[in-house]
Amino acid sequence: MAAFPPRERDAFMEHWGSILQDASGVHRTIELDGTVAGFVVLFGFEGRREVGYWVGREFWGRGIATRALAALLDEVSERPIYAGVAETNVASIRVLEKCGFTVAEANAEEHPGEVLMLLLG
């Protein structure tokens, strides 16, 4: 959701802690040549299962997010899976499309500027 301002550190740590404590969550570190490049997660959000990922800027443009998300999706069989992404984050939308996601909803009143993507099968 790169188009949205980041959470303050304490708010982020609280959110991240709740994701890590979710027993049904799946959390994976993305590593490239022995260096942590980012993470990919599957977690519960607003009554549905969502994926999220973050890749450090220095690793952008190498297909790392696409490969990491594809690996996570191969690992888990549950569907449907959702992903919320800023409508202006074309690169992230493309990552999701390459992994089979399609647009489920755009610019919903409760989430303006966001596209909700969906993977069914």
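Scanning region 96-121 for residues that are open to solvent by 20 Å² or more (accessible area, probe 1.4 Å) and under 24 Å from residue 36 (Cα atoms) returns 98, 99.
Scanning region 94-109 for residues that are more than 22 Å from residue 26 (Cβ to Cβ) and modelled with pLDDT of 90 or more yields 94, 103. For region 56-74, the candidate set comprises residues that are among the small types (Gly, Ala, Ser) and in a loop (DSSP other than H, G, I, E, B); within that set, the residue that is least open to solvent (accessible area, probe 1.4 Å) is 56.
Of all residues in region 48-64, those that are closer than 20 Å to residue 20 by Cβ and not β-branched (Val, Ile, Thr) total 7.
Check region 81-88 and report whether any residue there is surrounded by fewer than 19 Cβ atoms within 10 Å (Cβ to Cβ), out of contact with any helix residue (DSSP H, G or I) (no Cβ under 9 Å at 6 or more places or on another chain), among the β-branched types (Val, Ile, Thr) and within 21 Å of residue 26 (Cα to Cα). The answer is no; no qualifying residue exists.
Somewhere in region 36-55, is a residue aromatic (Phe, Trp, Tyr), open to solvent by less than 30 Å² (accessible area, probe 1.4 Å) and free of Cβ contacts under 8 Å to residues at least 24 places away in the same chain? For region 36-55, residues aromatic (Phe, Trp, Tyr), open to solvent by less than 30 Å² (accessible area, probe 1.4 Å) and free of Cβ contacts under 8 Å to residues at least 24 places away in the same chain: absent.
With respect to (1) more than 21 Å from residue 12 (Cβ to Cβ); (2) open to solvent by 60 Å² or more (accessible area, probe 1.4 Å); (3) assigned to a helix (DSSP H, G or I), the lone exception for residue 31 is condition (3).
The values are calculated or read from the model by the stated rules, or taken from the named source; none is laboratory data. Owing to the predicted nature of the structure, the values given are computational and were not obtained by experimental measurement. Note that each Cβ is placed from the backbone with ideal geometry, even for glycine, and that neighbours are counted across all protein chains shown. Only protein heavy atoms, including side chains, enter the accessible area calculation; ligands, DNA and RNA are left aside. Shrake-Rupley method; radii C 1.70, N 1.55, O 1.52, S 1.80 Å.
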